[in-house]
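The structure appears right after this line, and notes come after that.
The values are calculated or read from the model by the stated rules, or taken from the named source; none is laboratory data. Model, not experiment: these values are computed from the prediction. All Cβ positions, even for glycine, are placed from backbone atoms using ideal geometry, and neighbour counts span all protein chains on display. With ligands, DNA and RNA removed, areas are computed over all heavy atoms of the protein, side chains included. Shrake-Rupley method; radii C 1.70, N 1.55, O 1.52, S 1.80 Å.
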Amino acid sequence: MEFDRFDIDGPVLFVPNRHRDPRGTFAEIFREDEFRAEIGDVTLVQENQSISKPINTIRGLHYQSEPRAQGKLVRVTSGAIMDVAVDIRPYSPTFGQHIKIELSAENWYQLWIPAGFAHGFRTLRPETEVIYKVSDYYSPEHDRGIAWNDPDLCIDWELFGQHPVLSAKDRAQPALGNLFPLELARVVTGHSALTQPMVRYGISAGDR
């Protein structure tokens, strides 16, 4: 397994070493010892799976609030997604900025999104299946979200005029400024750090 980091501190891209022969392909997808050596003292306690039938389905932006914040290890087993993680750590120099990267059944990438980030994705193909492990159990009373199209986040979902498929819940999520007004004011006044894209894997990092 190879591990690559971003200009925004926290997320990590897992790139498995794949072994091919005439039968097909094999790779170690997850090893707890390597995961802990790279990420730290984190235990993954629950695994979730979603299947999104239409292309341009957007799920997110979701997170759990403290003390039940979740880290997520996301992978795609069928289809492809544009995966997005937004830094919502209150005192982070990159608060409000985001990364995005394509995860697909072909590239086998996995994205580690630590606690303190909001997560969402857009499906790039029909019948896309996403599986992700999390570091805490689902807690309905700590379930939170941010509007996928909040203009303060400057996320280019690359819809090119197409309409996304959204749940009623995600259509009604609040803006970042409604949840973190003091933190957003600090960023708008010019105290946020800029990020640069990570070209090797086609990753882009959003700035304001």
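Quick rundown of the values:
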| item | result |
| --- | --- |
| Size of electric dipole in the chain: Cβ of Lys, Arg +1 and of Asp, Glu -1, about Cα centre, debye, nearest 20 | 400 |
| Relative contact order [Cα under 8 Å, 6+ residues apart], the chain, whole percent | 27 |
| The chain: calculated mean residue ellipticity at 222 nm from DSSP helix runs of at least 4, using -39500 (n - 2.57) | -2000 deg cm²/dmol |
| Accessible surface ranking that places the most exposed of Y132, Y91 first, with a 1.4 angstrom probe | Y91, Y132 |
| Alpha-carbon radius of gyration plus Dmax, which is the widest Cα pair, for the chain in Å | 16.7, 58 |
| Listed residues K169, K53 arranged by accessible area, highest first, probe 1.4 Å | K53, K169 |
| Translational diffusion of segment 93-172, µm² s⁻¹ [Kirkwood Rh, Cα pairs; Stokes-Einstein; 4 °C; 1.567 mPa s] | 86 |
| Computed accessible area, D21, all protein chains, 1.4 angstrom probe, square angstrom | 70 |
| Cα gyration tensor category, rounded, prolate or oblate, for segment 43-160 with a/c compared to 1.5 | oblate |
| Separation between Cα centres of segment 1-33 and segment 59-123, rounded to whole Å | 17 |
| Global geometry of segment 1-79, whether rounded, prolate or oblate, following the gyration tensor of its Cα atoms and the 1.5 cut on a/c | oblate |
